[in-house]
Structures are given as C-alpha cells and as structure tokens.
Amino acid sequence: MKRKLLLFSLVVIIVVGGLALYVGIRARSELNAARSILGTPVEELSPSGVREARGHLEAAERILGEPPAAFLRLIPVARPNLQAVDAVVDAGIPVMNDAIALIDAREALGDQELVSNGRVRLEVLEELREPLRQQLESLMTLESQLVSHRSGWLLPPLWDVVDDFARRTSELRSSTERATQALEIAPSLLGADGPRTYLVLLLNNAELRGAGGILSAVGTVGARNGRLELGEFLYHGDLATDDPEPVQAPADLERRFGRYRANTTTVVNATASADVPEVATVAARLLKKLGGVETDGVLLTDPRGIAALLPPDSEIAAGGANADLTRDNPADFILSDSYEALGGADPGRRSAILSVGRDAFEAILEGNSPSSGVLDSAATALAGGHIRFVSLDAAEQEVLDQLEVTGDLSTDSVDSLLV
C-alpha cells in the first residue's frame with residue numbers, strides 16, 4: 001500500500017512539475033519579450049513596438065486561461081506564481097494601450113506648430129494632458145500590482161521577471177509623473193497667470209566656466225499668455241561696472257568663487273560656479289541692480305543649445321563675417337570661425353556673436369514650423385547640458401529640478417570627495 005501511495009505521489013509530482021514547466025516557460029518567455037518595451041526611451045517608442053509587446057502579454061493571458069494553468073491554480077505552491085503572472089498581464093495590457101494613445105498624441109503634436117508668430121500655442125500642449133494622465137494611472141496600477149505580488153512563494157526565475165518589471169515600471173512611472181508635472185506648470189511659465197520676464201545668458205564654450213562657458217551676452221524674453229517677446233540683448237561688458245560692486249549671492253558660491261568676483265558687477269565671471277541655480281540667482285540680481293529689470297527665471301544656453309532651438313529652415317546673417325548661418329553651423333561660427341574671420345580681440349567679433357544670438361532668438365520665437373524636430377533636438381540639448389532653465393518660483397523650480405533641466409548640483413547623499 002505504501003509503495004502504491006509513493007508511486008502515486010511520484011506520478012502526481014511529475015505531472016504537476018511538467019505542467020508547471022510547460023506553463024511557466026511559455027508564460028515567462030512572453031513576459032520577457034514584453035518587458036523590454038518598458039526600458040525603451042519615449043522618443044524611440046513606436047506604436048508597432050508597443051503593439052508587439054501587448055501581443056506578448058495577450059499571449060501570456062491565453063496561456064494562463066488554458067487547462068494546464070487552470071489545474072495548477074488548485075496547487076497551493078503554484079497558485080501565487082500564477083497570480084503574479086496574472087497581475088503582470090492584467091495590469092500590463094492597459095499600460096500598453098495607454099502607451100499607444102500617448103505615442104499617437106505625441107506624433108499628432110509633432111505635426112503641428114508649437115510656436116507660431118511669437119506665440120506658444122498652449123492648446124497644443126493641452127492635447128497631451130489626458131493621454132499622460134491615463135498613462136500615469138495605468139503605470140501606478142501596474143506598479144502596485146507588481147509590488148503586492150512579490151513574495152517568497154515565487155520561483156526564482158519568475159521572481160526575477162516580476163522584480164525587473166517592477167523596477168522598469170517604477171522608472172517609467174516616475175518619468176511620466178515628471179512629464180505630467182511639467183505640463184501642469186507650462187502655462188504659468190508661459191505667462192498664463194501673469195506676465196513673465198526671463199533673463200537669457202548666452203554662453204561661449206570657447207572659454208570654459210563652471211556653468212558651461214564664459215558669459216558672452218545677456219538678454220531678456222517676455223511671456224504673456226503664451227506670447228513671447230524679445231527684449232534687449234547686450235554684450236556683458238556693456239552691462240558691467242568699472243569698479244566691481246558686490247551682489248548678494250548664495251554662501252557656497254561666495255565662498256568658492258568670490259575670489260574670482262563671480263558675485264560682483266564684473267558680470268563676465270557670473271558663470272564661474274557649476275551649480276547653475278546659484279549662477280541664475282546671482283545673474284538675476286545683477287540684472288536688477290544694473291538694469292533695473294526684475295526677472296522670473298533664467299535661461300542659459302550655449303551655441304549648440306541655440307542651434308537645437310532653431311527652426312529647421314531658419315537663416316541668420318553673421319554680421320561682419322560675411323557668413324550665413326543655418327541650424328547646422330552656429331556652433332562652428334561662434335566657437336571657431338568668428339575667431340578666424342575677425343580675430344580674438346576684435347570688437348567686431350563680439351558684435352557678430354551678439355548679433356547671431358539675438359537674431360537666433362528672433363527666429364526661435366517666430367517658429368512657424370512643425371514641432372517634432374525642434375522638440376527632439378531641444379530634448380537632446382537639455383540632456384547634454386547645452387540648455388538649462390531655472391525658475392525663481394520655488395514650486396516651479398522643484399518640478400524643473402526633478403526634470404533635471406536646471407543644472408542643480410545639490411545632493412542628499414554624502415559626498416566626501418565633493419564630486
């Protein structure tokens with residue numbers, strides 16, 4: 001009798017083990033194929049790629065509905081493993097559906113003019129709000145399901161899949177959350193709640209400073225209900241005073257760079273610090289002290305940042321250098337060609353660079369071209385540190401810091417080497 005019982009138990013174990021392997025290997029294969037989409041950058045996502053990932057999740061759903069899986073659900077040890085896969089599939093398919101809707105909305109935005117005749121079309125940005133909200137909700141649901149189904153009952157291969165899904169989902173949820181917050185503050189940044197004035201710092205990387213380059217020129221851009229207006233642009237020397245006067249600065253900047261007069265009306269060394277929000281704070285106070293202009297934020301950009309923002313078909317005349325610049329060559333002109341054509345100390349070179357910066361911003365504000373190419377190139381420039389933007393409003397700055405567009409160097413971790 002004992003022998004028969006042992007034999008029966010062995011058969012049951014073999015059957016259950018075989019079914020578990022059959023279901024587990026097939027389901028895990030589909031999950032592995034689907035999870036790669038969660039690590040793909042948004043700008044590289046395509047509807048076809050997301051649909052393919054959704055197809056893998058739907059295939060896993062079909063596997064979980066077959067008789068072998070139904071039988072395994074009766075086994076206590078197998079049940080939590082199948083429930084974990086259920087959670088990934090049930091919450092993952094809506095994520096893929098919302099991703100397709102968001103990509104479609106983004107592509108539709110790319111075909112429209114975001115900037116037209118000096119006005120940012122806020123209604124175009126508004127079209128992204130609902131798809132982003134739905135994507136964020138579905139990602140939060142998926143993340144919650146994944147976390148709640150991680151347990152000691154999961155087999156190691158499935159634990160790895162679920163854990164990786166949870167990690168990637170968390171990163172994507174965080175990214176989508178930041179994009180949603182950015183969309184929330186966009187109208188106020190563009191003057192929907194009242195006029196805004198922004199200081200523009202044009203940097204020249206031909207001579208480096210901590211913030212990205214020596215300060216070449218300063219200007220202003222005004223915003224009211226999405227309409228942008230270019231203010232005066234000046235060479236830094238035209239703003240500076242002969243006898244340096246102190247300007248209130250953050251203690252850290254004053255301690256490290258006060259010896260270089262980065263906190264004075266010398267102006268040219270205002271970009272000495274690598275902590276861009278500190279630089280922005282001092283620069284805004286400089287403009288108020290020397291020009292009487294109150295600003296709400298600071299935009300720092302170098303030649304590559306300017307080129308990234310230019311509409312594809314724009315042309316700029318480089319005065320004094322007999323050169324016509326397009327989106328492809330402002331950086332070459334400012335960093336190299338202007339020195340060769342006009343000399344390093346020639347006032348004409350400074351005038352030519354100032355003219356290029358001012359004319360470039362005029363072309364940027366006029367816009368009148370599809371936004372897709374400009375948005376992608378601007379995102380690349382932001383990621384590379386060629387464009388940084390700081391708001392002097394604390395709530396807006398917190399969102400911008402999370403988006404990593406401010407050049408903030410602060411950290412919550414201990415950094416004994418001050419790296």
Report summary line: FRET efficiency for residue 183 and residue 117 from the Cβ-Cβ distance with R0 = 25 Å, rounded to 0.05, comes out at 0.65
**Report entry** Label point distance in nm, residue 241-residue 126, each placed 7 Å from Cα along Cα→Cβ
**Finding:** 4.7
Query raised in the report: For a label point 7 angstrom out from the Cα of residue 398 toward its Cβ, which stretches of region 178-214 have the backbone nitrogen within less than 15 Å?
Result: 178, 181-182, 184-185
Report summary line: From most to least accessible, 1.4 Å probe, no ligand or DNA/RNA atoms counted, 260, 235, 198 line up as 260, 235, 198
Query raised in the report: When the Debye formula is applied to the Cα atoms of region 212-251, each taken as the same point scatterer, what base-10 log of I(q)/I(0) results at q = 0.17 Å⁻¹?
Result: -0.71
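The values are calculated or read from the model by the stated rules, or taken from the named source; none is laboratory data. Predicted model only: the values in this text are computed from it and were never measured. Heads up, the Cβs are rebuilt from the backbone with ideal geometry, glycines too, and the neighbour counts pull from every protein chain shown. Quick note on the areas: whole protein, heavy atoms, side chains included, nothing else; ligands and nucleic acids left out. Shrake-Rupley method; radii C 1.70, N 1.55, O 1.52, S 1.80 Å.
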